[in-house]
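What follows is one structure encoded as structure tokens, with my remarks underneath.
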Amino acid sequence: MPTLQGIDLTCIRGDRKLFSGIHFSLDAGGLMQVGGPNGSGKTSLLRMLCGLAIPAHGEIRWGGSEIRSLGGAYYADMTYLGHLSGVKDDLTALENLRISSALAGTEVDASKAHDALQLMGLGGRDLLPAKVLSQGQRRRVNLARLLVCNTVLWILDEPLTALDAAAVKLMQGVMERHLEKGGMIVMTTHQEIEIAAAATQRLQLA
Amino acid sequence: MFFRITQRDLLLAMRRRSDVLTTLFFFVIVVSLFPLGVGPEMSMLRTMAPGVVWVAALLASMLSLGRMFSSDHVDGTLEQMLLSPQSLSLLVLGKALAHWLVTGVPLVLMAPVLGIQYDLSADSLLVLTASLLLGTPVLSLIGAIGAALTLGLRGGGVLVSLLVLPLYIPILIFGAGAVEASAAGLGAAAHLSLLGAFLLAAVVLAPWTTAVSLRISME
């Protein structure tokens, strides 16, 4: 199982240095919780980890190679869920899930997608257009991708916002199962949540 | 995957039919205004027809460029496309194909009907349709570059016309030229071949350029 490593990462936004000298190494079954106040660069760090932003200094390695040199091979191992849901208003929940999974490289058939939505508590609503769903339900459609993907590394930016207590508990279970199977998770959250993991590390951004 | 993305964009377009129809009606109205404005003199209408139809086609395909990436940008789908293990150029090609099917093909189908207003001969109508068939996909492909570069900018709609319209000039010259040449009895083969060459070059180069522009815009 490859390792995710961050080496001496620095992020500069405009003329402000958000963070510098960040080192970490994440192995199979490891969970990294990124904490810090609003505006401390949590999202910037996560965007760097998935290659959407380039660090001002330092590098990120997946299995020993720089992620930008890996390109598609890295993206096949990684799932990123950001602030923006990527859920299309005009498509149904089912279509949204199937298309976003296909885009991420996993074709999902209708029955499997239906089961995943059912599990996320959207049974009976999977044929409604996403525009009639509530904020929390849209978030659930987005998170359902985690149930059908088979990537190793999950990078989750505030995955629990807008979710109710039952859904938070459900996601906790999903994440724990992923870690048990040897997956890795990097996540930010402002909620207190205990996720059982082989190795948990906290990265506090000032 | 290439067809998945095309299929998705077509599905989205079907759910928002008004967007498709505005482009087509814009084209129809602009082309129909000229005979009303310049009067019913047949010989003048015949000479200006190819230019008018082509300019209207450029403007109509311009109209919908802004939407090509912006809705995906706003809701985060574009981010996911950049993180897809699939080649981004291929995804862009799929989106450009969908854009052409939605905005280009209706124009091609409508052009012969509109050409009748200008008293074009059957041969000229055929050449006009053929030139649009070869030229409009190039408009979508080049337009994609402009749309990607102006992504997320304020006033991007105006900027995209300033960027893209000059690049459309060769297509306009050879597209309208094909009809004029055929009307003058010179044969349109040379012009159509050049349009075909533009199309091939655009299919190879434009998706790649668009992919690079998207990565720059998203950073």
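The values are calculated or read from the model by the stated rules, or taken from the named source; none is laboratory data. Here the structure is a predicted model, which means the values were calculated and not measured. Here Cβ is always computed from backbone atoms with ideal geometry, including for glycine, and neighbour counts include all displayed protein chains. Ligands, DNA and RNA are excluded from the accessible area calculation, which covers all protein heavy atoms including side chains. Shrake-Rupley method; radii C 1.70, N 1.55, O 1.52, S 1.80 Å.
Annotations
- Scanning segment B:14-65 for residues that are open to solvent by 60 Å² or more (accessible area, probe 1.4 Å) and either closer than 18 Å to B:Ala178 by Cβ or among the polar types (S, T, N, Q) (or both) turns up B:Ser18, B:Thr22, B:Ser43, B:Arg46, B:Thr47, B:Val55.
- When segment A:100-133 is filtered for residues that are over 23 Å from A:Thr161 (Cβ atoms) and either open to solvent by 10 Å² or more (accessible area, probe 1.4 Å) or at the interface with chain B (Cβ under 8 Å from one of its Cβ atoms) (or both), the ones remaining, listed by number, are A:Ala102, A:Gly105, A:Thr106, A:Glu107, A:Asp109, A:Ala110, A:Ser111, A:Lys112, A:His114, A:Asp115, A:Gly124, A:Leu127.
- In the set (1) within 20 Å of A:Leu153 (Cα to Cα); (2) within 12 Å of another protein chain (Cβ to nearest Cβ); (3) crowded, with 20+ Cβ neighbours inside 10 Å, A:Arg140 fails one condition alone, (2).
- Set B:Ala202, B:Ala188, B:Ala197: member being at pLDDT below 95 and not aromatic (Phe, Trp, Tyr): B:Ala188
- Taken over segment A:71-88, the residue count meeting the criterion of being of a type outside the set (A, V, I, L, M, F, W, C), at negative phi and more than 8 Å from chain B (Cβ to nearest Cβ) is 3.
- Tabulated pairs, segment A:95-121, first touching a residue at least 60 places away in the same chain (Cβ under 8 Å), second part of a helix (DSSP H, G or I), C-beta under 8 angstrom, 6+ apart or interchain: none
- Those helices (runs of 4 or more DSSP H) of segment B:36-90 in which at least 2 residues are away from chain A (no Cβ under 14 Å), considering only elements entirely within it, cover B:42-63, B:66-75.
- Candidates in segment A:92-130 are the residues that are more than 19 Å from B:Leu88 (Cα to Cα) and among the β-branched types (Val, Ile, Thr); of these, the one that is modelled with the highest pLDDT is A:Thr92.
- In the set B:Ala181, B:Ala176, only one residue is within 29 Å of B:Leu125 (Cβ to Cβ), over 16 Å from the mean Cα position of the chain (by Cα) and in a helix (DSSP H, G or I); that residue is B:Ala181.
- Filtered residues of segment A:143-160 (kept if open to solvent by less than 40 Å² (accessible area, probe 1.4 Å) and out of contact with any helix residue (DSSP H, G or I) (no Cβ under 7 Å at 6 or more places or on another chain)): A:Thr151, A:Val152, A:Leu153, A:Leu156, A:Glu158
- Selected residue (only one of A:Leu84, A:Leu70 is under 20 Å from B:Ile5 (Cα atoms) and modelled with pLDDT under 90): A:Leu84
- Each residue in segment B:172-192 was checked for being open to solvent by less than 60 Å² (accessible area, probe 1.4 Å) and more than 15 Å from B:Val52 (Cβ to Cβ), and 7 of them qualify.
- Residue count for segment B:1-10, restricted to those that are at the interface with another protein chain (Cβ under 7 Å from one of its Cβ atoms) and within 14 Å of B:Ser71 (Cβ to Cβ): 1
- Residue in segment A:38-60 that is over 30 Å from B:Gln7 (Cβ atoms) and among the acidic types (Asp, Glu) present: yes
- Any hit, segment A:142-164, residues being closer than 20 Å to A:Arg202 by Cα and out of contact with any strand residue (DSSP E or B) (no Cβ under 7 Å at 6 or more places or on another chain): yes
- Applying the criterion of being without any contact (Cβ under 8 Å) to a residue 40 or more places away in the chain and open to solvent by less than 50 Å² (accessible area, probe 1.4 Å) to the residues of segment A:16-47, the residue that is farthest from the other protein chains (Cβ to nearest Cβ) is A:Gly21.
- Hey, A:Leu52 within 14 Å of the chain's Cα centre (by Cα), at pLDDT below 90 and surrounded by fewer than 21 Cβ atoms within 10 Å (Cβ to Cβ) or not: yes
- Residue that is surrounded by fewer than 20 Cβ atoms within 10 Å (Cβ to Cβ), assigned to a helix (DSSP H, G or I) and among the acidic types (Asp, Glu), where the choices are B:Asp123, B:Asp119: B:Asp123
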